[in-house]
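Throughout, read-outs are computed from the coordinates displayed, never taken from laboratory work. Computed from a prediction, not measured in an experiment: that's the story for all the values here. Counting neighbours? That spans all protein chains shown, and the Cβs are built from the backbone with ideal geometry, glycine included.
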C-alpha cells in the first residue's frame, strides 16, 4: 500500500497547471482531492511519474450563485458544498447527495471536480449533474470549452475531457421544485448498489411542469433517463405514471455482478430506489 | 454503629475493587494518541522488510530472480526459501501440529502467500523492490471447495505430506484430508435418529471471515550480536509462547530471547499464531546485524493472516412430538486453507466445537469434524470467541430454530423446555464437558419479559397479514438466542498449546509505602487488564486499585503465561491474581498479628486491614503491614511482601446469555434494520460493569458485522474477492444499532472470585441472534434456513426464492 515514486507539483494558477500538463504529457496526472487516485496509486494500478495538485489554485475553490445561475469551482470540497446555505437554496439536491458520499473525513478532502471528472460510474455527482443539466467547463492548451454533463461520459473512466485539459468549473441553473437523491448502499463509505437523482416541478394545477431523472452505478456511465423524464412531464405524476417511468428507465440500465450483488438484484433494487426517489421528490415539489 | 458501618463502606469504595465501574486507566494514553504500538518502535539503523506475495492460489514456483531488486539502491537483501533452508527456517510449525511455509518452497498454495522477503533501508524502497522481484510460476489447478477435495480429479495441495497416513490428530484418508475428530456416541445417536418421532436436518454454513483488528500484525526484531541477545517486539497475544517457539526454531537459548508485546490495537484471535513475517524479521536481523521491522498492510492482513470460521455443519436433531430433544448429530466439514494453522489446544483439533449441545439437556450426541486443505489462507482462529465456540453456538441455535419449525412450535418455548435446569449443575454434557453453573430459565424469562416477547409475536403475526394483504413490503424478524460459552482454557491435564500447559500467572510486589506492582502472563489488546486486574487485587489485598500498577507483555519481567484469547484472562490469570493476593494476605496476617501482639487466629480481615476480633479499635492496615515488612525484623517471617501464583484451573467456566434481536426487513431491497437488541449476559461475578458493557457493545458490533455482511470470499480461481475494507464489512457508528444490556449473576463455583469471563460472549451469542432474526422473518413464508452473511442481495435472494417479489 505504498505508491510508486512520483514528482509532486503544486501550481498556483490554471495556466500554470495547464503548462505543466502540456510539458509533462502522458506521465502526469492531475490530482484534486485524491480519494480515487491515491488508493489506485497505492495499489500501484496507477503509477504516474508526476502529480499536478490543484489544491494551490484558489480560483478553483468557490461557490457563486447569481442571476439564477450556479457556478462551482472544481476544487470545492464536498464538505463546502454541504456547508453552503446559498447553494442549498439554489440546488438542495447537492447537499442531499453530498451527505451520502463516503464519510465526513473523505468529504473534507474529496472535491466536486474530482468526483465528476474521474468518470467512475460509482461516483454520485455525475448523475446529479446530468439531472441538473449542468455544464462542465474545460480549460486546455487551446483555450476554454464547455461540455454538457449529459454528453460528458463515454464509458467507465472515459470522458469527453482531453488528457491535456482540466475541468475547472461546473455551471447549472438554480432549480425549483421537488428534489431527491436516493441511494442504496451496503454501508457508510460504499458506492451505490443503486442510486437515483430526481428533480420534479409541480404546476399550480398539480401538473408536472418539469422532470429530470438520472441514475448512478447502474451502467458504465451515469444515465440520464430522457424518456422516463418526459413521460412524467407529459403524463403528470401518479402511481401509474411513476411505474411507467421507472419501467422506461430500467430499460436503460446495465448493472454488472459484483460484491454488491448480482445484476438481477440490482435491477430490482434500482426500480425500488427510483420509485421511492420519485415519490419523495414529488412530495417535496 | 451506623458511623462505623459507613466507614467500612467508605473504605470499601475507596479501594475501587470488584463491582466498581472504574474508568479505564489505559484510556488516558489511548485517547491522546500516546499509545506505543509495534509500528511506533523506531531503533537506530532499523531496516524494513516487505513481502513478495503470490498472486496465484496454486502454482509451482519455477524461478525467483532477485537481481533487479538487489540492484535498487537501499536494498540490503532479498530472502527466499533457499536462503532459509540452511537454517531449517523455510518451514515453521503451526500451533495445530502442522507445518507452514515461511517462504514459498517450490510452490504456492494460496493467493497472498509469502514468496520472498525484501529488506531495505526504508519501507518505501522495500515496496519498490518488491515490484522488482521476478517470480516465474506454473499455474496448477485450484481447489476452493472443500467438498471437492477428495474427488478423483482433485489437485493434491500438500505434496510435502501427500503420503503421510497419520497427521497430528490421527489417521488421514486422503492427501487433502487433515484429520477426523469424533466425539460422543455415534451408534447411540444414530439409533435415536432412526427411532425418534421427529428429526430435523439442516446444513448450517458459518462462512469464512476475519478478525481484522484495527492494528495489523507486525514485529521488530533486534539481534545484538555482541551479547547474543535477541529482542522481539510484536503483535503477540501470547508473548511467552512466542519466546519458547522462537527459541526452539532459532536455536537461541530462551534466556537470550526477550519478547515484548507493546500496546496492541485489537487481536480478536488474529494475533495468537506465528506468522512468516515474525520469522523473517528475526532471520533478517540475524543476517544483517541490524533491527528489522515488518508491519503488514490491511490487504495483507485480510488475505494472509489467520481467518476465522469456515465450517460447514450438517446437523440432525431428534425430538419427541412435544419438543423434548432426544439427540443431536453433527458432521462438520472444516475448510482450513493451505496449512492447518488453527490456534486450538493440542488435543482439540476442532477446538471446543463439542460444546455444540449448547444450553440444552441433550442426552445423546455425536460430533465429527473433518479438517480439509484448500487453496486459501491458513488460520481458523477463534475470532472473539473461545475455540470454535461461536461455530458451535451458531449451529445449535440454528438447529433449535429448525426444529421449532418442524414441530410448529414457538422457538422460545422449545428452548425453555430443553434448558439444563438449575439443579442439574454441575452438568455433564453428552459430548464430555462439565458445565460449572447456570440458571438459564431465570435469564431467559427475564429476557422475554424485557422485550415483551408475547406482544412482539402478536405484532409480527399482524405484520405478516398486512404483508399478505399488500399493505406493506416489510417483514419483522425476532431473533432468539440462548448461548452457553466455554472459556478459560484451561486445565493443564487436557489443555496445552505446543505442549505448554494452559495455566496462567501473577506475580505481586507490595512496595514499602503500600502501593503495588502486579505482573501477569497475559496481554491486553484492549480488554482493559490494567484496570480490572487491579480491581481484583484491590479487593483481595485492601490496596486501592489506583495504587496498583499492572504490567504484562514483557517476557523478561512478567511471569510465564499462555496469553490472552478465548476469554481466558479473567478465568485463568484473574484467578492467579486472586490467589497471589491471598498469599500476600496470609503473610500480612502473620505480620499484623506480630505487630498487634496477638495470635494469628485472633485477628480477621476487614476490607483493607486486619482487626483484632472483638476489639475493632485495634487494627493494622495493609499499608502499615507493608511498611513493617520492609522495616522491622519480624521473628520467623522473611522480610518483604511479595507473592507469585501459577493457576491451573480445575475446570473451564461457562458464561451464558439470553439475546433477543428485533429486525425490520425490506423484502424488495434486502435492507434490514435492527429495531431492538437486548443482551443479557451472565458472566458470573462482575468485576467492572462499565468494562463489561463496553465489551458487550464491541462484541455485538462484531457479531452484527459477521452476520450481516462480513466475509472472506474467494472466486473459483482462489482469488480473494473481499480483500479491502470497501468490501469487507466493518460497521461504523452509523450501522451500529442501540443495544440494551442486562445481566444475571451466577458465580462460577470453582473460580476464586466466581468470575467467568465476558469478552467473547457477545460475539458468540450475537451472531445467532442476528441471523435468527433474518431467518425468522421469513418463517411464515416457508423458509427453514438461509446462510449468512445476510447482506442486502442475499436477503433479497431469499425473498425472491420464496416468491415474495410477485
Quickly work out the residue A:176-to-residue A:235 label distance, labels modelled 7 Å from Cα along the C-beta direction, and quote it in nm with one decimal.
2.6
Which of the peptides B:163-172, B:642-651 is most tightly packed, and how do the rest follow, judged by the mean count of other Cβ atoms within 10 Å per residue?
B:642-651, B:163-172
Equivalent ellipsoid semi-axes - Cα gyration tensor, the protein assembly as shown, angstrom
52, 38, 32
Segments B:339-351, A:20-32 sorted - mean Cβ within 10 Å per residue, highest first
B:339-351, A:20-32
Using 0.36 nm per residue, how much length does the chain from residue B:159 to residue B:498 gain when fully extended, once their Cα-Cα distance is taken away?
119.6 nm
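Between residue A:226 and residue A:46, how high is the FRET efficiency from 1/(1 + (r/R0)^6) when r is the Cβ-Cβ distance and R₀ = 35 Å? Nearest 0.05. Walk me through the numbers on the way to the answer.
Working: r = 34 Å, r/R0 = 0.97.
So, using R0 = 35 Å, E works out to roughly 0.55.
In whole Å and largest first, what semi-axes does the C-alpha gyration tensor of the range B:389-468 yield when each eigenvalue is scaled by 5 and square-rooted? It would help to have the intermediate numbers written out before the result.
Values: eigenvalues 166, 51, 21 Å².
Over the Cα atoms of the range B:389-468, the ellipsoid semi-axes are 29, 16, 10 Å.
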Calculate how steeply helix A:14-24 sits against the longest principal axis of the alpha-carbon atoms of chain A, using the helix alpha-carbon long axis, and give the answer as 0 to 90 degrees to the nearest 10.
60
State, to one decimal in nm, how far the label point of residue B:802 lies from the label point of residue A:263, with both points 7 Å from Cα in the Cβ direction.
2.8
Roughly speaking, what is the centre-to-centre gap between the range B:239-290 and the range B:415-431 when only Cα atoms are used, to the nearest Å?
43
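Let me know the mean shielding of A:258-268 by other chains, meaning the per-residue number of their Cβ atoms within 10 Å of its Cβ. Kindly include the intermediate steps, with their values, before the conclusion.
Working: counts 3, 11, 4, 7, 3, 0, 4, 9, 3, 0, 8.
Other-chain Cβ atoms within 10 Å of each residue's Cβ, averaged: 5.
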Taking only the alpha carbons of chain B, what extent do you get along each of the three principal axes, in Å, biggest first?
85, 74, 50
The range A:7-52 - Rg and Dmax from Cα coordinates, angstrom:
10.6, 31
Cα coordinate range in the range B:625-689, projected on the principal axes (Å, largest first):
81, 27, 17
When only C-alpha pairs under 8 Å and at least 6 residues apart count, what is the relative contact order of the range B:219-328, in percent?
29
Per residue of A:34-44, other chain Cβ atoms within 10 Å number on average 1
Pairs of Cα atoms under 8 Å, at least six residues apart: use those to get the relative contact order of the range A:178-284, whole percent.
31
Taking chain A as the reference, fit the longest principal axis to its C-alpha atoms, fit the long axis of helix A:226-235 to the helix C-alpha atoms, and give the angle between the two in degrees, 0 to 90, nearest 10.
30
Ranked A:201, B:669, criterion: other C-beta atoms within 10 Å, fewest first
A:201, B:669
Return the whole-Å distance between the Cα centroid of the range A:209-281 and the Cα centroid of the range B:175-213.
47
So the FRET efficiency between residue B:191 and residue B:416, C-beta based with R0 = 25 Å and rounded to 0.05, is 0.40
For A:179-191, what's the mean count of beta carbons from other chains sitting within 10 Å of each residue's beta carbon?
3
Relative to the longest principal axis of chain A, what angle (0 to 90°, nearest 10) does the C-alpha long axis of helix A:263-284 take?
70
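Normalising by the residue count of the range B:37-128, find the relative contact order in percent from Cα pairs under 8 Å and 6+ residues apart.
On the way: 154 pairs, mean separation 41.3, N = 92.
45 percent.
First obtain the Kirkwood hydrodynamic radius of the range A:149-285 from its Cα pairs, then insert it into the Stokes-Einstein equation at 10 °C and 1.306 mPa s, and state the resulting D in µm² per second as a whole number. Write down the numbers at each step before the final one.
Details: Rh = 15.7 Å.
The diffusion coefficient I find is 101 µm²/s.
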If R0 is 35 Å, what FRET efficiency do you get for residue B:37 and residue B:442 from their C-beta distance, rounded to 0.05?
0.25
Give me log10 I(q)/I(0) at q = 0.14 Å⁻¹ for the range B:450-551, Debye formula, one equal scatterer per alpha-carbon, no solvent.
-0.72
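Would you work out the Kirkwood radius for the range A:60-173? I mean one over the mean of 1/r across all pairs of different Cα atoms, in Å.
Working: mean 1/r = 0.0717 Å⁻¹.
After inverting the mean inverse Cα-Cα distance, the result is 14.0 Å.
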Rounded to the nearest whole Å³, what is the per residue volume of the convex hull around the Cα atoms of chain A?
122
Sort B:633-639, B:266-272, A:246-252 by the packing proxy (mean of other Cβ within 10 Å over each peptide's residues), most packed first.
B:266-272, A:246-252, B:633-639
Which three lengths, in whole Å and largest first, does the range B:289-381 cover when its Cα atoms are put on their principal axes?
70, 23, 22
Report the Cα centroid-to-centroid distance between the range B:509-540 and the range A:6-64 in angstrom, as an integer.
54
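I'd like the projected area of the range A:1-88, averaged over all directions, using the convex hull of its alpha carbons. Report it in nm² with one decimal. Don't skip to the answer; put the middle values down first.
On the way: hull surface 27.0 nm².
The Cα convex hull of the range A:1-88, projected and averaged over all directions, gives 6.8 nm².
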Per 0.36 nm of contour for each residue apart, how much would the distance between residue B:644 and residue B:253 grow if the chain were fully extended, relative to their Cα-Cα spacing?
138.3 nm
